[in-house]
Each structure stands twice: as structure tokens, then as C-alpha cells.
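Colleague: Here it is, the structure in full.
The values are calculated or read from the model by the stated rules, or taken from the named source; none is laboratory data. Keep in mind that this is a model prediction, so the values were computed, not measured. Glycine also receives a Cβ, built like all others from the backbone with ideal geometry; neighbour counts cover every protein chain displayed.
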Amino acid sequence: MQKRVVITGMGIYSCLGKTLDEVRDSLYTGKSGIVFDPERKELGFRSALTAKLEIPDLKKELSRSQRVYMPEQAKYAYCATVDALRDAKLDQDFLNKNDVGLIYGNDSSTVPVMEACDKIREKRDTTLCGSGAIFQSMNSTVTMNLGCIFKLRGINLSISAACASGSHAIGLGAMFIQNGLQDIIVCGGAQEVNPFAVGSFDGISAFSTRESDPTKASRPFDRDRDGLVPGGGAATVIIESYESAVRRGAHIYGEILSYGFSSNGDHISSPNVDGPTKSLLMAIQRAGISVDEIGYVNAHATSTLVGDTNEAKAIYNVLGDRRIEVTSTKSQTGHEMWMAGASEVIYSMLMMKNDFIAGNINFENPDENSARLLIPNKTITKHFDTFLSNSFGFGGTNSTLIIRNL
């Protein structure tokens, strides 16, 4: 018998807020975190749109020797993890005495690599890079830093799976616990927000250019969408075995019923329909539930023409004509990339716990595929006990999580 896996803590550092209450309220009111960034225009960006997020100042919380190893996204992840651990009532004494794991999604660390290369080329002296450059520049920088700061002694693993990284981190963490290899794992995803991290995306015209009205730019499923808007931050969930949670007397948000996954085995950037359909069906089958038990679908939909089209087809392949609400919270946050799979679990959980579904803002005109789905564009009141969350990434990697209320 596999162990049950539950969520006992959540923390987030998002353009929608830095606390669960702030984020809940932003979701409910349809607040957008998208702004126009003049710096990007000065750098020659085609699109200056981005989520607004300040880098936290951790001088009062961490020593200089700790901070020197942390790039932007590790700082976001630290803030989210501090809050998640506190929410789960896991103090440092508990972490010191128990094997707590860490699996986190992150797929880039641009600025440290760029700065180190610039110094080498300009100064012809590698010693000027500094010791921090090594640890800041690696994709595993988040788990390196969090593992050392919180003195975690369980599994320590970074997931680099493009925009499905955060979702895969949670799914793989659940599998470790289901099989009795860990009792508690810190899971999540982090994404840097600096312009250099997404310059190449801008170069291939992936971003919306609706700069005259930034809050209207991210338009998942809408017929008139013209590209995604980059975002980021970090989101952390504490997952553990049901037995561990009960033993600790922990508050349980919900149960991770299943994790579905697949690879498109196709084009490196253009998604297909079969891969996402397979991921959805696998998650439902492994959950042992009927489609009718799903009360809400948090779609991956990023506001790209092909991506949204093929996901709408995949969702319809699975849901058919059932009237199950489907929305993309990226309409408010932009595409949080490596973070998105984790943050969207938190967004969906906050909705489920508060009996509402945030509207897919800016959804004004459906196309022929999104018209077949039930996509509310304003917040609705609804009680539901099970949600499904999709995350898909470049290279054709797909992840689907199904989570039930407890």
C-alpha cells in the first residue's frame, strides 16, 4: 500500500502578494501584477511587459556569507520557504532532528553567469568572479542554498524541466513519500524576474506587445492573445505522509491524489495535443477518480496561439462537454515559468479553501477551441473539493497534479 501524501504548509513570493492572504485577495478581486518596465525598452526589448517583483533584502535575516551564494530566485525561494515552514509548524529544532527532504524546480540562473563571463572577458582574471559566482550560477542554486540554510538532511534535488519544473518537483516529491523514502519534503519552484533571463524569449517574439495597457496583455484562451508576459518569484509547499501529519497534529490543506506526466516526443518548442492529453488521463487514472469529481482545472495556458489552442483541445479530449470551470491564473500573474507549477497549486488551493474560482481575466472573445470549455472571466462563487493543475514546458515535458480537499 502506498502512503497518502498531504500538503501541510504553503508560502509564496508573488506579484499577487507576499502572504497567502494577500494572494487570496488578489485572486478574488482579479488584480493583475503586470506592469510596463522602462528598463527593458532601454535594453532594446520588443516588449517591456513583465510582472512586478522586488528582490527581498535579507540583510536582517541571513549573514553576508549566506547571502553571497544566493542569486535573485534563491532569495524569493528563501522567503517562500520560511513562510511555508512556519505555516506547517516545522521549526529549526524539528529540521535538525529529522530527515526532511528538498525538491525544487529551477531552470536558469542568468545574471550570475553573465556577470562572471563579463568579468573574465574584460579583466582576463578569473579570480575576480568571486566564490559566490559558482553557486549562484548553477541551476541547482536554489536547493544548494535552501538545503544549507535550513540544514535539511533528506533528499536534495533540483528539477530543471522548463515551465513544468515546479509541478514535477511536487509530483516527484509525492512519489518519494508514497514509497516510504521520506516523510516530509519541501517542494516548490522559483523563477528569476530580471530582464536578461528572458531576453531570448523577447528575441523570438514570444511576448505580448500590448504595452498601452499592461494589465490587459496576458490573455490566456482569448482569440486576440498576442503572446505571453514573463513573471516569476517563488512558491513552496510542504508535503508529507498523512501519518506524519497526523502524528505531528499538523493542519492539512489537502491530499495529492496523483501525478501524471508525459513527453510530447515532438517539436522542441511547439506543443502538441497527444502529450498533454496523456498526462491528464494518467493523472485521472492514478487518482482513481472519475472526471466528474474534478471541480476546477487550473490550465497551463500562457497566452500563446499554439499552446493555448492545443491545451484547449487536450482538456476537451478529457472533459468532453462536462461543465467544469477552466481558468489560467497566468491572466493575472503572467507566465511564472519555473515557478508556475508550484504557485498554481497554491493559487488553486486558496480558491478551493475559500469557495471561489478566480476569473480568467481578459478573456473576452473565445476562439473555436476555447469556446468548447467553460472559462469564466470573472470570479465566481463555487465550492469544490478536487482540482487538476496542468504545467507544460519546452521540450514537450508535461505534468498534471490532482489535489483533493481535506
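Colleague: Within region 41-52, does at least one residue satisfy the condition of being farther than 30 Å from P376 by Cα, surrounded by 14 or more Cβ atoms within 10 Å (Cβ to Cβ) and in contact (Cβ under 8 Å) with a residue 24 or more places away in the chain?
Modeller: Taking every residue of region 41-52 in turn, at least one turns out to be farther than 30 Å from P376 by Cα, surrounded by 14 or more Cβ atoms within 10 Å (Cβ to Cβ) and in contact (Cβ under 8 Å) with a residue 24 or more places away in the chain.
Colleague: Hey, does region 329-336 have a residue that's surrounded by fewer than 21 Cβ atoms within 10 Å (Cβ to Cβ) and at pLDDT 95 or above? Let's see the steps before the verdict.
Modeller: Taking region 329-336 as the starting set, the residues that turn out to be surrounded by fewer than 21 Cβ atoms within 10 Å (Cβ to Cβ) are none.
Checked against the condition, which is being surrounded by fewer than 21 Cβ atoms within 10 Å (Cβ to Cβ) and at pLDDT 95 or above, region 329-336 yields no hits at all.
Colleague: Restricting attention to region 343-352, does a residue exist that is part of a loop (DSSP other than H, G, I, E, B) and either of a type in the set (G, A, S) or surrounded by fewer than 24 Cβ atoms within 10 Å (Cβ to Cβ) (or both)? Please lay out each step first, then the result.
Modeller: Residues of region 343-352 that are part of a loop (DSSP other than H, G, I, E, B), as a first pass: none.
The answer is no; no qualifying residue exists.
Colleague: Now for a different question. Answer yes or no as to whether R24 is surrounded by fewer than 24 Cβ atoms within 10 Å (Cβ to Cβ), touching a helix residue (DSSP H, G or I) at 6+ places or on another chain (Cβ under 7 Å) and more than 18 Å from A234 (Cβ to Cβ).
Modeller: Numbers: surrounded by fewer than 24 Cβ atoms within 10 Å (Cβ to Cβ): yes; touching a helix residue (DSSP H, G or I) at 6+ places or on another chain (Cβ under 7 Å): yes; more than 18 Å from A234 (Cβ to Cβ): no.
When the stated conditions are applied, R24 does not pass them.
Colleague: Ok, one more. Could you go through region 229-247 and let me know if any residue there is touching a Lys or Arg at 6+ places or on another chain (Cβ under 7 Å) and part of a strand (DSSP E or B).
Modeller: Yes - at least one qualifying residue is present in region 229-247.
Colleague: How many residues, within region 213-263, are within 30 Å of D367 (Cα to Cα) and not charged (D, E, K, R)?
Modeller: First, pick out the residues of region 213-263 that are within 30 Å of D367 (Cα to Cα): 213-232, 259-263.
Filter once more, keeping what is not charged (D, E, K, R): 214-215, 217-218, 220-221, 227-232, 259-263.
Looking only at that region, the number is 17.
Colleague: Looking at D308, D321, which one is acidic (D, E) and in a loop (DSSP other than H, G, I, E, B)?
Modeller: Working: D308 fails: in a loop (DSSP other than H, G, I, E, B).
Unique residue meeting the criteria: D321.
Colleague: Considering only region 170-198, state which residues are part of a helix (DSSP H, G or I) and either surrounded by 24 or more Cβ atoms within 10 Å (Cβ to Cβ) or of a type in the set (A, V, I, L, M, F, W, C) (or both).
Modeller: So in region 170-198, the residues part of a helix (DSSP H, G or I) come out as 170-178, 195-198.
Result: I170, G171, L172, G173, A174, M175, F176, I177, F196, A197, V198.
Colleague: Take region 16-40 and flag every residue that is within 13 Å of A80 (Cβ to Cβ), in contact (Cβ under 8 Å) with a residue 40 or more places away in the chain and not aliphatic (A, V, I, L, M).
Modeller: The answer is K18, T19.
Colleague: Can you pull out the strands (runs of 3 or more DSSP E) entirely within region 1-79 that have at least 3 residues that are modelled with pLDDT under 95? Working first, answer last.
Modeller: Working: elements: 5-13, 34-36, 49-51.
Per the criteria, no element qualifies.
Colleague: Further, regarding this structure: Look through F384, F363 and report the one residue that is under 25 Å from G233 (Cα atoms) and aromatic (F, W, Y). Spell out the reasoning first.
Modeller: Working: F384 fails: under 25 Å from G233 (Cα atoms).
The unique qualifying residue is F363.
Colleague: Which residue, of S258, S290, is farther than 14 Å from L374 by Cα, in contact with a helix residue (DSSP H, G or I) (Cβ under 9 Å, 6 or more places away or on another chain) and crowded, with 21+ Cβ neighbours inside 10 Å? First the steps, then the outcome.
Modeller: Details: S290 fails: crowded, with 21+ Cβ neighbours inside 10 Å.
Just one listed residue meets the conditions, S258.
Colleague: Determine which member of the set F394, F363, F384, F356 is touching a Cys at 6+ places or on another chain (Cβ under 8 Å) and surrounded by fewer than 24 Cβ atoms within 10 Å (Cβ to Cβ). Talk me through it step by step, then tell me what you get.
Modeller: Details: F363 fails: touching a Cys at 6+ places or on another chain (Cβ under 8 Å); F384 fails: touching a Cys at 6+ places or on another chain (Cβ under 8 Å); F356 fails: touching a Cys at 6+ places or on another chain (Cβ under 8 Å).
Only one candidate qualifies: F394.
Colleague: In a loop (DSSP other than H, G, I, E, B), at pLDDT 95 or above, among the acidic types (D, E) and surrounded by 15 or more Cβ atoms within 10 Å (Cβ to Cβ), is that true of D107? Talk me through it step by step, then tell me what you get.
Modeller: Working: in a loop (DSSP other than H, G, I, E, B): yes; at pLDDT 95 or above: yes; among the acidic types (D, E): yes; surrounded by 15 or more Cβ atoms within 10 Å (Cβ to Cβ): yes.
It is true that D107 is in a loop (DSSP other than H, G, I, E, B), at pLDDT 95 or above, among the acidic types (D, E) and surrounded by 15 or more Cβ atoms within 10 Å (Cβ to Cβ).
Colleague: If a residue must be in contact with a Lys or Arg (Cβ under 8 Å, 6 or more places away or on another chain) and assigned to a helix (DSSP H, G or I), how many such residues does region 84-95 contain?
Modeller: Going through region 84-95, the residues in contact with a Lys or Arg (Cβ under 8 Å, 6 or more places away or on another chain) turn out to be 89, 92, 95.
Still in the running and assigned to a helix (DSSP H, G or I): 92, 95.
Adding up the residues that qualify gives 2.
Colleague: How many residues does region 60-84 contain that are of a type in the set (A, V, I, L, M), touching a Phe, Trp or Tyr at 6+ places or on another chain (Cβ under 8 Å) and either free of Cβ contacts under 8 Å to residues at least 24 places away in the same chain or buried (at least 24 other Cβ atoms within 10 Å of the Cβ) (or both)?
Modeller: Narrowing region 60-84 to residues of a type in the set (A, V, I, L, M): 62, 68, 70, 74, 77, 80, 82, 84.
Adding the requirement that they be touching a Phe, Trp or Tyr at 6+ places or on another chain (Cβ under 8 Å) leaves 62, 70, 77, 80.
From what's left, either free of Cβ contacts under 8 Å to residues at least 24 places away in the same chain or buried (at least 24 other Cβ atoms within 10 Å of the Cβ) (or both): 70, 77, 80.
The number of residues fulfilling the criteria is 3.
Colleague: Checking the structure you have, find out if any residue of region 207-219 is aromatic (F, W, Y), assigned to a loop (DSSP other than H, G, I, E, B), surrounded by 24 or more Cβ atoms within 10 Å (Cβ to Cβ) and modelled with pLDDT of 95 or more. Lay out the reasoning, then the answer.
Modeller: Taking region 207-219 and keeping what is aromatic (F, W, Y), we get 207.
From the residues that got through so far, the ones that are assigned to a loop (DSSP other than H, G, I, E, B) too are none.
There is no residue in region 207-219 that is aromatic (F, W, Y), assigned to a loop (DSSP other than H, G, I, E, B), surrounded by 24 or more Cβ atoms within 10 Å (Cβ to Cβ) and modelled with pLDDT of 95 or more.
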